[in-house]
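The structure appears below as structure tokens.
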Amino acid sequence: MRAAAPVVPAGPSDADLVRRVLSGEVEAYAGLVARYRDRFGRFATQMLGNREDAEEALQDAFVRGYKALARCEEPDRFGSWLFRILVNRCRTHGAKRARRERTIVLDEIALQGAGVDGDVEAAAWREAIEWALAKLDDGQREAFLLKYVEELSYDEMAEMTGVGVSALKMRVKRACDRLRVMLREVERV
Amino acid sequence: MSDDELIERAAQELRRPVRMDPAVDARVMATVHVLPRHRAERARGWWAWLTQARTVRVSPLGALAAAAAVLVATVVIVPRLSPDAASEQLAATTDPVALTQAAAASSVDSAHVVQFVFVAPTARSVSLVGDFNNWEMDATPLEAGPARSVWTVKLLLPNGRHRYAFVVDDSTWAADPGAPPAAGDDFGMPSSVVTVTGSSS
């Protein structure tokens with residue numbers, strides 16, 4: 001699923017909801033928040049390494065998005081526009097958090113299912129990935145997540161981050177190189 | 001497992017859906033509710049059609065004819081302008097330049113009248129958007145001078161730092177080249193900063 005691609009919603013379209021909010025119907029914004037909460041929460045959680053910071057960044061992005069909604073030039077691409085705000089908010093929150101020790105919290109879904117051997121193995125694998133992800137530089141982690149998890153093109157990533165395509169390719173390559181080394185180490189243990 | 005397969009397996013795991021606390025929605029909406037509501041969009045219909053910016057294709061011959069018409073109009077009209085209008089016309093011949101001036105006419109200590117000036121000789125409309133009007137394009141239109149090249153508006157703004165931009169013809173955003181650019185603009189549009197202080201200078 002592409003973060004930059006517009007969601008095809010079951011209810012009102014993004015453009016409809018944006019228009020309603022801009023016409024003064026504040027409650028319509030709740031529809032947009034509910035639609036993108038989990039989708040963007042995944043990126044924020046993986047980028048910042050814990051739910052608390054991720055929720056804070058997510059809330060911050062949604063509130064900023066509301067304030068600036070009149071500047072969303074393509075309401076049908078609200079999700080893409082808001083994701084760009086979120087990427088920036090994660091950078092800001094990440095910089096604040098860098099002063100604290102990074103805490104990795106296992107995904108709750110993985111923890112809930114960790115009852116039998118196979119699930120424990122799956123949870124351990126996920127823990128290893130999150131540990132390795134946390135070891136990356138912020139720029140490498142951001143580039144890797146946008147490329148491999150959000151599945152954006154390099155052009156979309158450049159537009160989203162303001163970083164050049166060649167620099168992004170280098171960050172992704174270095175991220176992959178480091179992840180391979182760390183995950184191989186985990187495999188050997 | 002190959003190196004590529006290892007990375008892909010990790011990515012697959014990370015692509016699994018994540019459930020965030022639905023209380024996030026309530027917290028966002030509680031914050032949003034205390035913010036100013038967005039104003040109603042302008043009425044649609046024939047007026048919206050008339051004011052909608054659109055791309056116009058012009059042939060080289062048509063462009064030459066238009067340029068000739070502008071030249072004739074300039075030769076005929078400029079000698080009749082007053083000195084003020086002539087200076088405005090002169091300004092119109094330069095690249096669009098915007099100036100922001102903190103004006104002296106303050107009404108209260110915590111707020112001051114700020115005059116925003118934007119030079120756009122070919123614009124049909126210019127409006128001011130900023131955090132003080134919730135970035136609403138219809139909220140603060142600028143008025144054109146006699147030669148329709150210098151656009152101005154005065155606003156009473158509270159002391160503090162305000163981000164703003166100009167919107168030309170309801171479609172083109174422009175920062176104020178005469179003011180500091182806003183840092184960390186994460187909305188993807190150019191904007192500038194004006195700081196209103198207790199001093200009227």
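Here are some notes:
- Charge context of B:LEU157, other residues only, Cβ under 12 angstrom, K/R +1, D/E -1: +2
- Each of A:LEU22, B:LEU35, B:LEU128 was scored by other Cβ atoms within 10 Å of its Cβ. Arranged with the fewest first, they read B:LEU35, A:LEU22, B:LEU128.
- This ranking places A:ARG71, B:ARG15 by how few other beta-carbon atoms lie within 10 Å of each, fewest first, which gives B:ARG15, A:ARG71.
- Cβ crowding within 10 Å, taken as a proxy for footprinting-reagent exposure, orders B:HIS38, A:HIS93, B:HIS33 from fewest neighbours to most as B:HIS33, A:HIS93, B:HIS38.
- Sorted peptide list for B:17-26, A:23-32, criterion being average Cβ within 10 angstrom, highest first: A:23-32, B:17-26
- For the stretch B:126-192: rounded, prolate or oblate by the Cα gyration tensor [a/c cutoff 1.5]: prolate
- 13 Å beta-carbon shell around B:ASN133, net charge (K/R +1, D/E -1): +2
- Using the Cβ-Cβ distance between A:MET170 and B:ASP21 with R0 set to 35 Å, the FRET efficiency works out to roughly 0.45.
Every number here is computed from the coordinates shown, using simple stated rules; none is lab data. Everything numeric here is computed off the predicted structure, so don't read it as measured data. Cβ atoms come from the backbone with ideal geometry, glycine included; neighbour counts cover every protein chain shown.
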